[in-house]
Amino acid sequence: MASRYKFFYLIEIQYLGFRYHGWQFQKEVKTLQGMLERTFKFLFEQQTFKILASGRTDAMVSAESSYFELFTNHELELDSFIQELDYNLPPDIKVKNISVVDAKFNVIQDVELKTYHYYFASVQEKYPFASPLMNCIQAPLDIEAMISAASIYKGLHDFKFFMTGDAENKNTERYIEDSKIEPNQELTASFFPEDSFVFSVTGKGFMRYQVRYMMGALIKIGMGEISIKDLENTLKGKEAAFEKFNAAASGLMVKNVKFK
């Protein structure tokens, strides 16, 4: 794939995903890949290029720090190009950094760790302006039980239950470096609930919807619908005693990506 091109760049971006149908290009809907490719076509005119993301995100998922690789035969002057690219992108996508990589670099395989944050709150009324970034759950939640349950995800487990699609012939084991729930002190605004929390999870890679299903189980524990033991049994590969629940996408954010 890379042999067609002479120059390779790693680009870090930040985006609010609320109005996008995820990363991957789709006809007739707005996606991050589609918006970026349209912008590069405008800037490069007749120059050929290709972009490849470090990972796909679902519709409405945001990123504080995410990466994609740009393949091109057009050598860039980085200082001026980062300004030009950022200027021509919409206000909900920001270019944070551009660096040169070589043909051996692989933006997918060279990922060492990814951290996701999921922002949520237990509320009695709706918070419309918070909805692009936070899941405001209109129900009482046992936060202490959720905190205890979140730590259970740490280590090597079979996450077959916490994925979508066919698991046959697919390795569904994942090692989770860290998993915790803490008070949210970093993402604040006057239109957010007074008290909110963040589920932080770090690992090398995650399957589609995995983090949202993990959060969904924590919400069920917080609402008293399932026990911590139910969650433990599921991670041990035992038959699940509950239906999986896909937590709202808008609470999820790619916090950062670390490369080897």
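Numerical summary
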quantity	calculated
Members of region 87-134 that are in contact (Cβ under 8 Å) with a residue 40 or more places away in the chain and hydroxyl-bearing (Ser, Thr, Tyr)	SER99, THR115, TYR116, TYR118, TYR119, SER122, TYR127, SER131
Scope region 149-177; condition without any contact (Cβ under 8 Å) to a residue 40 or more places away in the chain, in contact with a strand residue (DSSP E or B) (Cβ under 7 Å, 6 or more places away or on another chain), not hydrophobic (A, V, I, L, M, F, W, C) and not in a helix (DSSP H, G or I); matching residues	LYS154, GLY155, THR172, GLU173, ARG174, TYR175
Counted residues, region 141-163 - those being touching a Gly at 6+ places or on another chain (Cβ under 8 Å) and more than 14 Å from GLN210 (Cβ to Cβ)	5
Residue count, region 88-113 (criterion: within 23 Å of MET207 (Cα to Cα) and open to solvent by less than 30 Å² (accessible area, probe 1.4 Å))	2
Residue that is nearest to LEU218 (Cα to Cα), among those in region 159-197 that are within 20 Å of the chain's Cα centre (by Cα) and of a type in the set (D, E, K, R)	LYS180
Residue in region 207-229 that is open to solvent by 40 Å² or more (accessible area, probe 1.4 Å) and under 19 Å from the mean Cα position of the chain (by Cα) present	yes
Residue ID - farthest from LEU10 (Cα to Cα), chosen from residues in region 229-244 that are at pLDDT below 95 and hydrophobic (A, V, I, L, M, F, W, C)	ALA241
Answer from SER179, SER200, SER190 - the residue that is open to solvent by 20 Å² or more (accessible area, probe 1.4 Å), over 17 Å from ASP142 (Cα atoms) and of a type in the set (Gly, Ala, Ser)	SER190
Out of GLU84, GLU64, sole residue that is under 22 Å from the mean Cα position of the chain (by Cα), among the acidic types (Asp, Glu) and open to solvent by 40 Å² or more (accessible area, probe 1.4 Å)	GLU64
Subset of region 4-49 (residues that are polar (S, T, N, Q) and within 21 Å of VAL111 (Cα to Cα))	GLN14, GLN24, GLN33
Checking ARG56 against (1) under 27 Å from ARG208 (Cα atoms); (2) open to solvent by 60 Å² or more (accessible area, probe 1.4 Å); (3) at pLDDT 95 or above, the condition it does not meet	(3)
ARG38 open to solvent by 80 Å² or more (accessible area, probe 1.4 Å), without any contact (Cβ under 8 Å) to a residue 60 or more places away in the chain and not aliphatic (A, V, I, L, M)	yes
Residue match in region 238-255 (condition: touching a residue at least 12 places away in the same chain (Cβ under 8 Å), assigned to a strand (DSSP E or B) and basic (Lys, Arg))	yes
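The values are calculated or read from the model by the stated rules, or taken from the named source; none is laboratory data. This is a predicted model, so every value here is computed, not measured. A quick note on method: Cβ atoms are made from the backbone with ideal geometry, for glycine too, and the neighbour counts reach across all protein chains shown. Accessible surface is based on the protein model in full, side chains and every heavy atom, while ligands, DNA and RNA are left aside. Shrake-Rupley method; radii C 1.70, N 1.55, O 1.52, S 1.80 Å.
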